[in-house]
Amino acid sequence: MHITIRCYATLARFTPPDAAAFASTPGETAGQLAQRLGIPPADLKLIFINGQHVEPGAQLADGDRVGLFPAVGGG
């Protein structure tokens, strides 16, 4: 099964080379994916699957589009 990954802002450095067709295993969760990419849990603020905000325990499915976002500061 393959998914598409987009890592935004400061998480961009964790984007894998095969992000457009990243291999995922059945039952893998968004949180497990972030861990596999090496993203520290404290750095990950928002997860979207197919444009919908989800929790880290959301399971991935073939063809999903995953967006990973850090906390964003401003002033």
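List, please: which pairs have Cβ atoms under 8 Å, are six or more places apart or on different chains, and start with a residue in region 7-25 that is over 19 Å from Lys45 (Cβ atoms) and end with one that is in a helix (DSSP H, G or I) and not small (Gly, Ala, Ser)?
Partner pairs satisfying both residue conditions: Pro16/Leu37; Ser24/Leu33.
Which of the residues spanning region 16-44 are part of a helix (DSSP H, G or I), more than 12 Å from the chain's Cα centre (by Cα) and of a type in the set (S, T, N, Q)?
Within region 16-44, none qualify.
Of the residues Ile3, Ile47, only one is outside any loop (DSSP other than H, G, I, E, B) and touching a residue at least 40 places away in the same chain (Cβ under 8 Å); which?
Numbers: Ile47 fails: touching a residue at least 40 places away in the same chain (Cβ under 8 Å).
Within the list Ile3, Ile47, the selection yields Ile3.
For Ile39, are the conditions met, namely being surrounded by 11 or more Cβ atoms within 10 Å (Cβ to Cβ) and within 17 Å of His2 (Cβ to Cβ)?
no
So the check is Cβ under 9 Å with 6+ separation or different chains; which pairs have a first residue in region 52-63 that's in a strand (DSSP E or B) and a second one that's surrounded by fewer than 11 Cβ atoms within 10 Å (Cβ to Cβ) and not acidic (Asp, Glu)?
As it stands, the answer is Gln59/Pro26; Gln59/Gly27, since those pairs meet every condition given.
Is it true that some residue in region 48-67 is modelled with pLDDT of 95 or more, in contact with a His (Cβ under 9 Å, 6 or more places away or on another chain), on the phi > 0 side of the Ramachandran plot and not hydroxyl-bearing (Ser, Thr, Tyr)?
For region 48-67, residues modelled with pLDDT of 95 or more, in contact with a His (Cβ under 9 Å, 6 or more places away or on another chain), on the phi > 0 side of the Ramachandran plot and not hydroxyl-bearing (Ser, Thr, Tyr): present.
Which one of the conditions (1) in contact (Cβ under 8 Å) with a residue 12 or more places away in the chain; (2) over 13 Å from Cys7 (Cα atoms); (3) part of a strand (DSSP E or B) does Phe69 fail to meet, given that it meets all the rest?
(2)
The values are calculated or read from the model by the stated rules, or taken from the named source; none is laboratory data. Worth saying up front: this structure is predicted, and the values here are computed from it rather than measured. All Cβ positions, even for glycine, are placed from backbone atoms using ideal geometry, and neighbour counts span all protein chains on display.
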